[in-house]
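The values are calculated or read from the model by the stated rules, or taken from the named source; none is laboratory data. Computed from a predicted structure; not experimentally measured. Note that we place each Cβ from the backbone using ideal geometry, even for glycine, and neighbour counts take in every protein chain shown. All accessible areas refer to the heavy atoms of the entire protein, side chains included, with ligands and DNA or RNA removed. Shrake-Rupley method; radii C 1.70, N 1.55, O 1.52, S 1.80 Å.
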Amino acid sequence: MKVIKFIGILAAASFLSFSAFAQEDNNVGPNGEIVRGPYVTNGAFDNTFIGLGAGVNSVLEKGKGLGKMGLATDLYLGKWFSPAVGIRAGWHGLFDTAKSGKIEKAPLNYFHGDFLWNISNSIAGYKETRFWSFIPYATTGLLIVGENNGKFSLKGNKEFAAGVGLLNQLRLGERVNLNIDLGLLTARAKAYNMEGFAKILAGIPTATLGLSFNLGRPGFDRLSTVMPVIIPSKYTDAQYEALQKKYAELEKENAALKNKIADLENQLAPFKNLVDGQTYLFKNGRFTAVEAKVASPATVYFDLGSAKISAREKAHLEFFANNVVEAGTKLLLTGSADKQTGTAKGNQKLSEQRVDAVKALLEKLGANGSNIDTVAKGDTDNKFDTPAKNRCVVIEVK
């Protein structure tokens, strides 16, 4: 008989919940569609709530049925993060009974956390003034069952418990709700320390009626997708004329800059296609690529009776080294002295000194000494028609 009564309570409450849910008007948009967010994120204290309730507990034993009803109480604190999702944490007690063994009145403590889903707001859209909301939840926590002495205590057998429930929330006002809370916990029956329960799960049905109170700012604001209207500020006639004048000045300045850019582009046009390292001939406003060659053989001239390279001849030699001589260039240096002055022996030695001086300077300027051959002919090979021209070193590229 007790089983029938308890099942009747569950069925009646669920039927009322579904009926109320079905009777609610859906939130609809201008085209008849259901509107479901998005919503502005609420603050940390907004949409929080506390609640309390009282009702009955029992124990559902396998093969034994439902035990006697014991007093149940609820205390909890929770928060809604969105119109559909929330959490709560609390304590459920107070006494429990079982049909088998000698259990008559065992103290019960269940410290729990619950995940709440407001299915009414999820399916039918958020409505702050909805009278009846249908809120299934999942619960888990620590179950403590004390000794069968009829006295309340926080001591006893501890077991992990989990379950499901249905919270029927009736809106009485902006901050007050009436709650019909139906739940079913499961835990190892070992918590009750009864014969035949060691390996069997025990069901703990519970039903409470209570009140919850909304704290902070209640309700949710829908996120607006409408762009704000920007109203331009009004200008006076004087301000408008000043802007027009400034605009005309900027247009004139812009035109002048465009003309200047065009002139510069015309001036740079002949230079656009020039290649670095190439030698060009500029004639009649145009550049023509030419092949630059340094005359070879080159000649370094010396003063009478001297093997010292003058500053002018050093400059000539530097030009030759920079423009002709590369890493693999092979050179032949031929030294001479004029036969009109000095002795043959002295002129031979002088030509050797002149060749050595030129070779040393070329190496200093970057030439590879192993690629330089030298010949000193004294006054035996005067190629030029005047004595001054024969006081020289002739450089040839091999």
*What is the distance, in nm, between label points placed 7 Å from the Cα along the Cα-to-Cβ direction at K151 and at E363?*
11.5
*Got a sec? What order do K339, K314 fall in by accessible area at 1.4 Å, biggest, i.e. largest, first?*
K339, K314
*With all pairs of different alpha carbon atoms counted, what Kirkwood hydrodynamic radius in Å does segment 245-398 show?*
19.2
*Using 0.36 nm per residue, how much length does the chain from E265 to V176 gain when fully extended, once their Cα-Cα distance is taken away?*
24.0 nm
_Just to make sure I understand: if all protein chains stay in place, what is the order of W132, W91, W117 by accessible area at 1.4 Å, largest first?_
W117, W91, W132
*For segment 129-142, what does the Karplus curve 6.51 cos²θ - 1.76 cosθ + 1.60, with θ = phi - 60°, yield as ³J(HN,Hα) per residue in whole Hz, taken in order and with x for Gly and Pro?*
9, 4, 6, 10, 10, 9, 10, x, 8, 10, 9, 7, x, 9
*Which of the pairs K258/K283; K359/K398; K105/K158; K359/K389 have their Cα atoms more than 21 Å apart in this structure?*
K258/K283
*Working with all protein chains in place, sort D96, D379, D373 by solvent-accessible area computed with a 1.4 Å probe, largest first.*
D373, D379, D96
_Segment D221-F81, extension gain: residue separation times 0.36 nm, minus the distance between their alpha carbons_ = 49.2 nm
*asked:* So if each residue of separation counts as 0.36 nm, and I subtract the Cα-Cα distance between K314 and L332, what length gain in nm does that give?
replied: 4.7 nm
